[in-house]
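First up is the structure itself, then whatever we jot down about it.
The values are calculated or read from the model by the stated rules, or taken from the named source; none is laboratory data. It should be emphasised that the depicted structure is a prediction, and the values quoted were computed from it without experimental measurement. For neighbour counting, all protein chains shown are included, and Cβ atoms are generated from backbone atoms with ideal geometry for every residue, glycine included.
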Amino acid sequence: MPSAFPSALLGSGRPLTLRGAGHSCDGQTVTDGELLVTYAPNMAAAQIRELGDSLVEVPAGISWYVLERYLNRHGRAVPVLTDYLHASVGGTLSVGGIGINSARYGMQVDHVERIQLIDGTGTSRWCSRTKHSELFRFALGGLGTVGLIERAVLRTVPYYRDTHVHRRYHATPSELVEHTEWIAQRDDVDIYCASMRRGKLFSTTGWRGHGPRRCGEENCAVVPDLPFESHPDTARPVAPSAGHARLWTDYMVPAGRLAPMLAAAETLWHRAPLNDVLTMLYILIVRRPPDSTSFAFIPVGSAPISIGLGVYTSVHRDLTATAATRRVFRDLLERCCELGGRPYLYGINDLDRALAEQLYGNDLDQLAQLRAAHRLENVNAHLPLVGAALDTDICHVGARPRA
């Protein structure tokens with residue numbers, strides 16, 4: 001593909017939808033009647049440039065899998081990886097990027113030095129915290145609403161092959177919440193996640209490095225190259241069951257408020273007929289760096305430590321079932337907002353103007369101004385976030401994985 005092609009395409013004025021590798025929930029990145037502009041995550045590692053000072057410049061289309069393999073061979077690593085490595089770098093940066101490493105390193109966007117962004121005029125410019133800073137703040141975590149990320153300069157960390165992993169089982173949800181909140185206040189943990197699946201509650205805590213075990217012998221193992229467990233060289237996400245839709249979403253609340261958020265989820269999902277569609281509740285901790293940028297639409301607000309609750313369902317593809325599931329998601333979103341939290345826009349979230357204003361304030365109007373100034377009215381115009389910014393009648397938003 002010629003390097004000038006993305007600029008020419010965005011400057012054409014045609015209705016466009018931008019997406020990464022297409023790893024999304026219920027096809028939110030699929031569009032009808034518009035040209036789809038997508039990345040190719042199998043791009044070669046030869047396109048990675050080492051810049052010194054632990055910085056690498058990468059094409060936005062490359063996958064995190066290819067990038068991490070390259071970095072590990074050179075003694076470096078990506079600070080935060082999501083649970084699916086074959087998503088594209090640009091696509092995941094456009095939603096934020098949260099993973100088990102977020103307990104120490106925050107979000108993927110917190111480790112971006114600068115990005116090359118193409119706007120609706122076809123102009124390509126480098127954006128950072130000090131240059132075109134508003135575009136930088138809105139592009140990362142912004143669902144492609146202010147342009148296409150073409151390249152990114154990322155900060156890396158030293159590579160440690162081994163991770164000391166401790167799995168702990170919990171008898172009750174309140175015990176799991178208490179344990180998670182305790183881990184969230186510690187500053188010596190490298191990875192953390194927890195889940196509630198088929199009546200089983202367990203958490204995983206980990207420490208990087210080659211030293212002695214960091215946890216007790218029981219349920220403790222040293223795992224080499226943990227990010228690549230169950231990740232073959234090429235992979236596709238597991239498709240939902242036939243006749244089912246994968247409706248997922250994540251909510252982030254400040255540390256100390258996981259208990260009421262989890263209680264709301266349990267109460268709503270134990271109601272018939274929804275008690276048979278919930279496949280898993282998933283918990284992550286996000287500790288952002290002290291000097292992190294206040295990105296406009298990421299799920300983490302001003303709290304230095306947040307806890308995410310992922311709600312993952314598999315729903316029969318009929319209007320009654322999907323509508324009931326979306327109503328529950330809307331109730332959970334409102335509860336999240338009451339607790340001072342935000343949704344992760346990768347997932348399924350009903351979002352109208354009033355709720356969007358509560359979440360994002362003046363940044364909604366700023367988004368509309370940026371899109372007009374950079375002639376982006378034709379790019380990702382179907383997104384509910386754009387509809388909320390323009391106060392038009394679009395009612396649901398989605399774009400991650402937990403990428």
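Mind listing whichever residues of region 312-341 are closer than 18 Å to Leu359 by Cβ and outside any helix (DSSP H, G or I)?
Of region 312-341, the ones closer than 18 Å to Leu359 by Cβ are 326, 329-341.
Leu339, Gly340, Gly341, listed by residue number.
Taking into account only those residues within region 36-60 that are buried (at least 20 other Cβ atoms within 10 Å of the Cβ) and at pLDDT below 90, which is nearest to Arg161 (Cα to Cα)?
Here is the first cut: in region 36-60, the residues buried (at least 20 other Cβ atoms within 10 Å of the Cβ) are 39, 41, 56, 58-60.
Subset that is at pLDDT below 90: 39, 41.
Numbers: Tyr39: 29, Pro41: 24 Å.
Step by step, filter region 36-60, then rank; the result is Pro41.
Given (1) modelled with pLDDT of 90 or more; (2) out of contact with any Cys (no Cβ under 9 Å at 6 or more places or on another chain); (3) farther than 30 Å from Leu9 by Cα; (4) buried (at least 22 other Cβ atoms within 10 Å of the Cβ), identify the lone condition not met by Glu334.
Single failed check for Glu334: (4).
Taking region 81-94 on its own, how many of its residues are crowded, with 24+ Cβ neighbours inside 10 Å and touching a helix residue (DSSP H, G or I) at 6+ places or on another chain (Cβ under 9 Å)? Break it down into steps so the answer makes sense when it comes.
Within region 81-94, the subset crowded, with 24+ Cβ neighbours inside 10 Å is 81-82, 87-94.
So of that shortlist, the ones also touching a helix residue (DSSP H, G or I) at 6+ places or on another chain (Cβ under 9 Å) come out as 81-82, 87-89, 92-94.
Number of matching residues: 8.
Per-residue answers, yes or no, for (1) charged (D, E, K, R); (2) more than 23 Å from the chain's Cα centre (by Cα); (3) under 18 Å from Asp83 (Cα atoms); (4) modelled with pLDDT of 95 or more:
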| residue | (1), (2), (3), (4) |
| --- | --- |
| His132 | no, yes, no, yes |
| Leu135 | no, no, no, yes |
| Gly144 | no, no, no, no |
| Ile149 | no, no, no, no |
| His179 | no, yes, no, yes |
| Ala184 | no, no, no, yes |
| His210 | no, yes, no, no |
| Pro224 | no, yes, yes, no |
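For region 63-121, which positions are β-branched (Val, Ile, Thr) and in contact with a Gly (Cβ under 9 Å, 6 or more places away or on another chain)?
The first filter runs over region 63-121 and keeps only residues β-branched (Val, Ile, Thr), leaving 66, 78, 80, 82, 89, 92, 95, 98, 100, 109, 112, 115, 118, 121.
Matches in region 63-121: Val80, Thr82, Val89, Thr92, Val95, Ile98, Ile100, Val109, Ile115, Ile118, Thr121.
In the list Gly216, Gly206, Gly243, which residue meets the criterion of being modelled with pLDDT of 75 or more, exposed (fewer than 14 other Cβ atoms within 10 Å of the Cβ) and over 20 Å from the mean Cα position of the chain (by Cα)? Don't jump to the end; show me each part of the working.
Values: Gly216 fails: modelled with pLDDT of 75 or more; Gly206 fails: exposed (fewer than 14 other Cβ atoms within 10 Å of the Cβ).
Step by step, each of Gly216, Gly206, Gly243 is checked, and only Gly243 is modelled with pLDDT of 75 or more, exposed (fewer than 14 other Cβ atoms within 10 Å of the Cβ) and over 20 Å from the mean Cα position of the chain (by Cα).
Tally the residues that are among the aliphatic types (A, V, I, L, M) and at pLDDT below 95, restricting the search to region 68-88. Break it down into steps so the answer makes sense when it comes.
Initially, region 68-88 is screened for residues among the aliphatic types (A, V, I, L, M), giving 71, 77-78, 80-81, 85, 87.
Now narrow it down to the ones that are at pLDDT below 95: 85, 87.
Qualifying residue count, region 68-88: 2.
So, in region 340-354, how many residues would count as being closer than 20 Å to Pro304 by Cβ and buried (at least 18 other Cβ atoms within 10 Å of the Cβ)? So that I can check it myself, show each step before the final result.
If we filter region 340-354 for residues that are closer than 20 Å to Pro304 by Cβ, which is where we start, we get 340-344.
Filter once more, so that each one left must be buried (at least 18 other Cβ atoms within 10 Å of the Cβ): 341-344.
The qualifying residues number 4.
Just one of the numbered conditions (1) modelled with pLDDT of 95 or more; (2) under 30 Å from Val112 (Cα atoms); (3) surrounded by fewer than 18 Cβ atoms within 10 Å (Cβ to Cβ) is not true of Pro260; which one?
Failed condition: (2).
Please tell me if Ile285 is more than 30 Å from Gly13 (Cα to Cα), in contact with a helix residue (DSSP H, G or I) (Cβ under 6 Å, 6 or more places away or on another chain) and crowded, with 23+ Cβ neighbours inside 10 Å. Write out each step before concluding.
Details: more than 30 Å from Gly13 (Cα to Cα): yes; in contact with a helix residue (DSSP H, G or I) (Cβ under 6 Å, 6 or more places away or on another chain): yes; crowded, with 23+ Cβ neighbours inside 10 Å: yes.
So Ile285 fits the description; yes.
Which ones in region 136-153 are crowded, with 23+ Cβ neighbours inside 10 Å and part of a strand (DSSP E or B)?
Listed by number, the residues that qualify are Leu148, Ile149, Ala152.
Those residues that are in a loop (DSSP other than H, G, I, E, B) and within 14 Å of Phe295 (Cα to Cα), I need them from region 99-126; list them, please.
Narrowing region 99-126 to residues in a loop (DSSP other than H, G, I, E, B): 99-101, 106-107, 119-123.
If the condition is that a residue be in a loop (DSSP other than H, G, I, E, B) and within 14 Å of Phe295 (Cα to Cα), then Gly106, Met107 are the ones that fit.
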